[in-house]
Amino acid sequence: MNLDLLFVGTGGSAPTARRGLPALLLQRGGEHVLIDCGEGTQRQLMRSSGLVELDLVLITHQHTDHWLGLPGLLKTLDLREREAPLTVAGPVGLAATVELIWKLAGPVRYPVAVRELEPYDQIERSGWAIDAIPVRHRGPALGYVVEEDNRPGRFDPERARELGITDVHDFGRLQRGETVGEVRPEQVLGPKRFGRKIVVSGDTRPCDAVREAAWRADVLVHEATFTGEQAERARQTGHSTAAQAAELADEADVGMLALTHLSARHRPSDALAEARAVFPDTVMPRDFDVIRVPFPERGDPVHAPGAGRPARRGPGAAASLDDPEADGDDAGPAERAANV
Ligand SMILES: [Zn+2]
Ligand SMILES: [Zn+2]
């Protein structure tokens, strides 16, 4: 089963020509969960995955760069005559924000449930779960741990035949944990295999909750709002530098670190170099990049630049701003907003 991360918006604080505000689409099989919904997210989705069937939107915290896209998205789903229920979950204070959205934008006709999460609350799904972890930003802020259930061990058909099992239907029963005659599943199955784990930090200074949750995660998506030159500013504002994120990834022994929430105040290439000097398996996705997370026995996570972007139509169809290979990534005015 596929497990993919589509980077819908990789900027922080204020959008730039190339980077939208925070949004990350998690796709597992036919399920889609959106983590954060910065301003412009619905259009970013339309330019990539389309407005997929979401049933859950997770918000990391209340700063506007992380949720201001929600009113527009909720209203558009209503215009499209959505009927399926939608859950919006996030830290304490979210219910008041959603109430404000209804006051400003009017109600929608499909059911929207708001769930305020305490640290370590879990949202269960079939075969996987999402845990909220307390991160250290300003005000209530959560990171999210996406973790699949353990999988049964690998089936050994040779061993099964030695034990007298020959019918393929019996192979299936043993793999599902049933006993067949005298043969028990543990006689023909290897040790249980771990499911995949992805950790998303949200905005945070380096913190133990992320470090612990990210232990041996396949992918850690961590904010890197600043570079080392601005370490003091990072500390004051509850953010991380690229090197701090990399140190944490190294300590947690993750498979891949993906840096996001990039500020226009520094060059992404500098932040990436800073992080890679500490943790080489670091990537810095642009908007519409995808990270594919295979089961560990099938290989390492793969960063696929531009994979979430529909194919171009004909020569000259793309404006230069759309060129993912163009340089000069995020040259823009330094943002000064306090609440980011
Ligand atoms: Zn932010
Ligand atoms: Zn913030």
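The values are calculated or read from the model by the stated rules, or taken from the named source; none is laboratory data. What you are looking at is a predicted structure, and each value in this text was computed from that prediction instead of being measured. A quick note on method: Cβ atoms are made from the backbone with ideal geometry, for glycine too, and the neighbour counts reach across all protein chains shown.
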>> Condition first: in contact with a helix residue (DSSP H, G or I) (Cβ under 8 Å, 6 or more places away or on another chain) and assigned to a loop (DSSP other than H, G, I, E, B). Now tell me which residues in the stretch 226-238 satisfy that.
In response: T227
>> As an exercise: evaluate V188 against (1) crowded, with 21+ Cβ neighbours inside 10 Å; (2) more than 22 Å from L25 (Cα to Cα); (3) among the β-branched types (V, I, T); (4) within 16 Å of ligand 1 (Cβ to nearest atom) and give the number of the one condition it does not meet.
In response: (4)
>> Quick check on my filter: what residues within the stretch 263-284 are within 16 Å of ligand 1 (Cβ to nearest atom) and at pLDDT 95 or above?
In response: A271
> Is at least one residue of the stretch 75-83 in the same structural domain as Y144 (by TED's automatic domain parsing), in contact (Cβ under 8 Å) with a residue 60 or more places away in the chain and more than 14 Å from ligand 1 (Cβ to nearest atom)?
Replying inline: no
>> Yes or no: the stretch 251-273 includes at least one residue that is buried (at least 17 other Cβ atoms within 10 Å of the Cβ), within 15 Å of ligand 2 (Cβ to nearest atom), within 17 Å of the chain's Cα centre (by Cα) and assigned to a loop (DSSP other than H, G, I, E, B).
In response: yes
> Which one of these is surrounded by fewer than 12 Cβ atoms within 10 Å (Cβ to Cβ), at pLDDT below 95 and among the charged types (D, E, K, R): R154, R176?
Replying inline: R176
>> Show me the strands (runs of 3 or more DSSP E) entirely contained within the stretch 16-90 in which 1 or more residues are among the aromatic types (F, W, Y).
In response: none
